[in-house]
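The values are calculated or read from the model by the stated rules, or taken from the named source; none is laboratory data. As the structure is a computational prediction, the values presented were derived from the model and not from experiment. Quick reminder, even Gly has a Cβ in these numbers, built from the backbone with ideal geometry, and neighbours come from all protein chains shown. Calculation scope for accessible area: heavy atoms of the full protein, side chains included, ligands and nucleic acids excluded. Shrake-Rupley method; radii C 1.70, N 1.55, O 1.52, S 1.80 Å.
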Amino acid sequence: MSDKPNVAFSQAETEAETLREQLNQHNYRYYSLDDPQITDAEYDQLLRRLEHLETLYPELRRGDSPTQRVGSAPLPMFESVEHKVPMLSLANAFDDDELRDFERRLHARLGDDRPITFVCEPKLDGVAVSLLYHDGILVQGATRGDGFNGENITANVRTIASIPLKLQGQGYPPVLEVRGEVYLPRAGFKAINAEALAKNEKPFVNPRNAAAGSLRQLDSRITATRPLEMCAYSLGQAEGGGLPDTHLGTMRLLKEWGFLINSLMTAVVGIEACIDYYQRLAVLRADLAYDIDGIVYKVDSFRLQEALGFVARAPRWAIARKFPAEEAVTRLVDVEFQVGRTGAVTPVARLEPVFVGGVTVSNATLHNEDEIHRLGLKVGDQVVVRRAGDVIPQIAGIMPSDTDRDDLQAIVFPTRCPVCGSALQRSAEQAVLRCTGGLVCPAQRKQAIKHFASRKALDIDGLGDKIVDQLVDAGLVHTVADLFSLNVEQLSGLERMANKSATNLVQSIAAARQTTLPRLLYALGIREVGETTAKLLAAHFGSLEKLEEADEEALLAVPDVGPVVAGFVIKFLTNPHHLAIIDSLREAGVEWPDIESRGPQLLPLAGEVWVLTGTLAAMGRAQGKEQLEALGAKVVGSVSAKTTCLVAGESAGSKLEKARSLNIKIIDESEFLALLQANQ
Ligand code: IVH
């Protein structure tokens, strides 16, 4: 074979030019417009062709070529670059009144009471960057540094797919500096941390640290492996060319030129509307695809911005309203071990109380032993506690300490159940320790009873956790069946239980006797049998007797049931102790009528795994879930490679992004409704 390229230079030059154009255009459609026209695979094919041509003729390789996004050889150090226009910071407001003061100051300074238009935008929690374009070509990327001088990170910013290497459209000034935030979406953060763990490397504490660490790599090939994004939020230098006279107008133009502009950016009139926006975003915050730490408000009109000017190092025309911090540092006081319903022993961190995510936190979950080892945690450590949205507080990492940690106490795992003293068993496949005491263990018994009474199970109103604890401790209740023989006298003897509440509780226990087969199956607390599986088992077998007779083969015929679940069902329903409890329930008058069995006939969505995300206007997610389950689908909370389909409602966030990255089928609400209709 000849080593002479079979494409002539002039031909390659033209083709490379076309490919660059096409790739930049597709990139723009994907990131700025969120409207890709080709698949990722097709994009890769074009990119590979361009790479091939550039390998044949290295002189065709240019800085604005999409092939340059893979990074280049490491730099010895970052050069310093001067910001012609200083990169400022923002003043902060911590409550509504401080925002109102801000508006009052604006009116006073302008000597004008006319309503002011503000642009509201999320304050992205990442790293500020400056991007310099000469004649539409990216020539320099820099960090903020001290605001006057930053570091030259051009090679690194080139690897970020949402940063245009060449501007789209026309009308941009010959010298244009665009500023914005580089950040790591949550899904990307999870992915790189999972990778770090797999390689036994230390994970990043949060997406911001991960973004900063990724951007300050001397080896841009490492940056290229990190799924960073950039949203533009302002201009720096802009020489020549007619630009809009408002901030929002400028952002729209930047979008046309190929930048990603945050989709939640919006203009409102007056500070009260800004406060409303803050409230709306506070609700959305936990479900966004990326971390935000507040809202930035900017006076929209450049004329007014100029009139207002700057004070110290912040503009007078903008302010940031911070959200309650999602992270705080506190001391780990102790680690205790809790025993759950299935006997799983989980470590719980006891913390010096700290205000985080808007509440005072004194406990955090630690999942399992591996996590403690991974974190290298010791009692007495200063730890970073994270509480995002309604999520249970977690320990994200340990603060580097100046004191000697050798003196701190290592965390010792129990070898026997801390509640009943039974042996602990470690399951081979999971990093979980389990108490082998079963229902002999009071902790497991209490949890089993709480589960039995919970809303989706027998729904016994008024039977709270504290009451169950007392009933078990006092020896009044050993199994769930004992609940049905409790009387007012016994109950009113309990702490904080008045006669009236005791009477009510006896009544709600009596009412719970009339239940359904799916509820009962769920309430029994068979491992891995959640609400959905319980419904499917009930629909398939129609009666508890039929389920008790079922062997593995029969169970495997149920959608959603695999060998593991089948094993747990058989184990549960052949255990004499459990069968005795079921008999006692019957004797106590608990009734779960047989339901018409669907038999082995398969439901239309059997075996499928669905995820619902965003706002579903027509029916809401809970109802959507019910309908899908009725068709045999399993509905879960997070997207994974196993997901069959994602229903993306209005303002879907990280789940949508993840589904896209995994190439999972995505449908919108109208398609979803059509599907339900078709399966009626
Ligand atoms: S505007 C002169 N807009 O917050 C105005 N900043 O303390 C300069 N940030 O370092 C900033 N999201 O990195 C602006 N939508 C947004 C922002 C934003 C995040 C960061 C920025 C800056 C810091 C200000």
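When both region 618-669 and region 187-246 are represented by their alpha-carbon centers, they are found 28 Å apart. If both residues of a DSSP beta bridge must be in the chain, then about 85% of such bridges are antiparallel.
Separation of the alpha carbons by more than 23 angstrom is noted, of Lys625/Lys655; Lys456/Lys665; Lys625/Lys658, for Lys456/Lys665.
Computed from Cα atoms, the angle from the helix 40-56 axis to the main principal axis of the chain rounds to 40 degrees. For the chain, the solvent-accessible area of protein heavy atoms averages 49 Å² per residue (probe radius 1.4 Å; ligands and nucleic acids excluded). Note on Asp668 and Lys84: their simple-model spin labels are 4.2 nm apart, each label 7 Å out from Cα toward Cβ. Ignoring aspartates and glutamates fewer than eight residues from Lys446 along the same chain, the ones with Cα atoms less than 12 angstrom from its Cα are Asp465, Asp469, Asp473. The share of accessible area on region 352-474 that comes from carbon and sulfur is 49 percent, using a 1.4 angstrom probe.
Test of understanding: express the Cα radius of gyration of the chain as a ratio to 2.2 N^0.38 Å, with N the residue count.
The reported ratio for this selection is 1.16.
Each 5 Å bin from zero up to the one holding the largest Cα-Cα distance in region 248-351 carries the following percent of pairs: 2, 9, 13, 14, 15, 13, 9, 5, 5, 6, 5, 3, 1, 0. Of all lysines in the structure, those lying under 23 Å Cα to Cα from Lys322, and not within fewer than 8 positions of it along the same chain, are Lys123, Lys298. What lysines could a cross-link reach from Lys546, if we take a straight Cα to Cα line under 16 Å and drop same-chain neighbours fewer than 8 places away? Within the straight-line cut-off, Lys546 pairs with Lys535, Lys571.
For region 515-567, the alpha-carbon radius of gyration amounts to 0.98 times the rule-of-thumb value 2.2 N^0.38 Å expected for a compact globular protein. Of all DSSP beta bridges in region 520-665, what percent run antiparallel (nearest 5)? Expressed as a percentage, antiparallel bridges in region 520-665 total about 10.
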